[in-house]
Amino acid sequence: MKKFVGVILRVQEALGTFLLAVFFVAIVMQISARYLKISLLWTEELANYSFIWAVFMGASTMVHEGAHFSFTFFRDRFRGASGAAYDIGVSAVLLCFTVPMFCYGVIVARTFWNYNWISLPWVKMGYTWLCLPIMGFTMSLYTIDRMIVSLRTIRDSRKTREGSAA
């Protein structure tokens, strides 16, 4: 599972970085076109949607790092098994949001698949909305992976206590 998660994480980071670069280039083109008095209507939509994708990919990767959804006041207070138990609790709450995000994201992407961008009518809106189920799936995957690591930490902590008590 670690290799699978690692591959998905690298793809998602690369995609987020690429789309952030697309966002930046589209904004620079838009600003330059205004000064040159050229009308580039498609740059605004491209910038908006590439930024949305970049943010959603970045938010998902931050779940893997454990930095997206956490209360640092509590996280910094717990260590070892109690910290792992805290991570499991936070992960359970996060799954209550990410699993429905995946399910409803699929519905939204299917519903709006055949809609078109305004300035680029040959581009389907479904590609824009596809970031929702992807983010929901990968956030759920990363959360489950963190829960497994936390459960192993608790197990190892118990083994260590039992070994030192014997």
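Quote the relative contact order of region 20-160 in percent (integer), defining contacts as alpha-carbon pairs under 8 Å separated by 6+ residues. Mind dumping the intermediate values first?
On the way: 152 pairs, mean separation 38.4, N = 141.
Answer for region 20-160 is 27 percent.
Go through (i) 20.8, 80; (ii) 19.9, 60; (iii) 17.9, 63 and flag the label whose value is the computed Rg and Dmax of the Cα atoms in Å for this structure.
Checking each listed value against the structure points to (i).
Applying the Karplus parametrisation 6.51 cos²θ - 1.76 cosθ + 1.60 with θ = phi - 60° to the phi angles of region 58-65, what ³J(HN,Hα) value in whole Hz is obtained for each residue in order, glycine and proline being reported as x?
Per-residue couplings from phi come out as x, 5, 5, 5, 5, 5, 4, 6 Hz.
Can you give the FRET efficiency to the nearest 0.05 for Phe71 and Ile27, using r as the Cβ-Cβ distance and R₀ = 30 Å?
Details: r = 34 Å, r/R0 = 1.14.
The calculated FRET efficiency here is 0.30.
Check Asn116: other-chain or 5+ apart residues with amide H under 5 Å from its amide H, H built from backbone geometry?
Result for Asn116 returns Met125.
Calculate, for Val5 and Tyr35, the FRET efficiency according to 1/(1 + (r/R0)^6) with r their C-beta to C-beta distance and R0 35 Å; round to the nearest 0.05. Write down the numbers at each step before the final one.
Working: r = 45 Å, r/R0 = 1.29.
Once the sixth-power term is evaluated, E becomes 0.20.
Just tell me which aspartates and glutamates come within less than 19 Å, Cα to Cα, of Lys37; anything on the same chain fewer than 8 places away is out.
Result set, ordered by chain and number: Glu45.
How long is the gain from Glu44 to Arg152 if the chain were fully straight, where each residue apart is worth 0.36 nm and the alpha carbon distance is subtracted?
Working: separation 108, 0.36 × 108 = 38.88 nm, distance 4.71 nm.
Full extension of this stretch gives 34.2 nm more.
Just to confirm the number: angle between the C-alpha axis of helix 131-165 and the first principal axis of the chain, 0 to 90 degrees, nearest 10?
On a 0 to 90 degree scale, this one is about 20.
List the chymotrypsin sites (Phe, Trp or Tyr not before Pro) within region 1-106 that fall in a DSSP loop (any state other than H, G, I, E or B) and whose Cβ has at most 15 other Cβ atoms within 10 Å.
Taking region 1-106 and a limit of 15 other Cβ atoms within 10 Å, the loop chymotrypsin sites (Phe, Trp or Tyr not before Pro) found are Phe71, Phe78.
Readers should treat all values here as calculations from the given coordinates under stated rules, not as data from a laboratory. Computed from a prediction, not measured in an experiment: that's the story for all the values here. Positions of Cβ are backbone-derived with ideal geometry, glycine not excepted, and every protein chain shown enters the neighbour counts.
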